[in-house]
Ligand code: GDP
């Protein structure tokens, strides 16, 4: 399947289960800790500067945003997690929404989990990865902000990400820089690979 990632349209924001899209079109679910650069990765993928909002306020943590790509698949932007200043009410709302989304059988075709290439994945990252694993859907890990690493730090950091998230050998970690564009082709190739399966 050829996909034109430049053809992208915003569809809707879902704040509860009844708004989830269930039309059978493949869904790529993007997840990541707040500030990891999820919006920047999405913008890089669709070649826009300001499509998914960069630096969105932490108050907007409990909506799932759906974008349609080339009329062929949904890019599903899951709300960021791990933002320290979020209230308990907001955190609970996030948890409920995620639980509902992940339990809606068969919605996710491929998970794209964004982590920070500089750091060991957090406990929240591990939990999010487990959410994906439990649904049985494949997950690709994007190690973002690679431009902030020295060359000698790259391999050990990627190994640490692999180990902390307990990745299987067939799970991909893509070194990525939303800022520079590094890894974009590899991410697109991984997405196409899974869609063709
Ligand atoms: P989100 O909260 O996960 O959606 O993160 P954003 O996309 O809003 O990015 C958070 C901050 O990280 C912003 O200041 C971005 O400019 C910066 N950022 C995102 N990706 C990269 C990257 O690959 N390299 C660098 N150096 N900064 C990045």
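What follows is calculated from the coordinates using simple rules that are stated; it is not laboratory data. Keep in mind it's a predicted model, so treat the numbers as computed, not measured. So basically every Cβ, Gly included, is an ideal-geometry build from the backbone, and we count neighbours across all protein chains shown.
Counting each DSSP H run of 4 or more residues in the chain as -39500 (n - 2.57), what helix-only mean residue ellipticity at 222 nm follows after dividing by all residues, to the nearest 500 deg cm²/dmol?
-10500 deg cm²/dmol
Taking R0 as 30 Å, what's the FRET efficiency between residue 7 and residue 172 from their Cβ-Cβ distance, rounded to 0.05?
That pair, residue 7 with residue 172, gives E of 0.75.
Using only Cα atoms, what is the ratio of the radius of gyration of segment 111-184 to 2.2 N^0.38 Å?
The reported ratio for this selection is 1.04.
Projected area of segment 1-106, taken from the Cα convex hull and averaged over every viewing direction, in nm²?
Convex hull of Cα atoms, orientation-averaged projection: 6.6 nm².
Report the gain in length on full extension from residue 148 to residue 17: 0.36 nm times residue separation, minus Cα-Cα distance, nm rounded to one decimal.
Additional length available on full extension: 43.4 nm.
Given the Cα atoms of the chain, and with Rh set as the inverse mean 1/r over their pairs in the Kirkwood sense, what is Rg to Rh to two decimals?
On the Cα set of the chain, Rg over Rh gives 0.93.
Just want the ordering: 109, 129, 119, from fewest to most Cβ atoms lying within 10 Å of their own Cβ.
By the 10 Å Cβ count, ascending: 119, 109, 129.
To check you understand DSSP bridge types, tell me what percent of the beta bridges within the chain (both residues inside) are antiparallel, rounded to 5.
Bridges in the chain that DSSP calls antiparallel: roughly 35 percent.
Can you tell me, using C-alpha contacts under 8 Å and at least 6 residues apart, the relative contact order of segment 29-156 as a whole percent?
About 29 percent, as a whole number.
Subtracting the Cα-Cα distance from 0.36 nm times the residue separation, let me have the gained length for residue 99 to residue 48 in nm, one decimal.
Stretched out fully, the residue 99 to residue 48 stretch lengthens by 15.3 nm.
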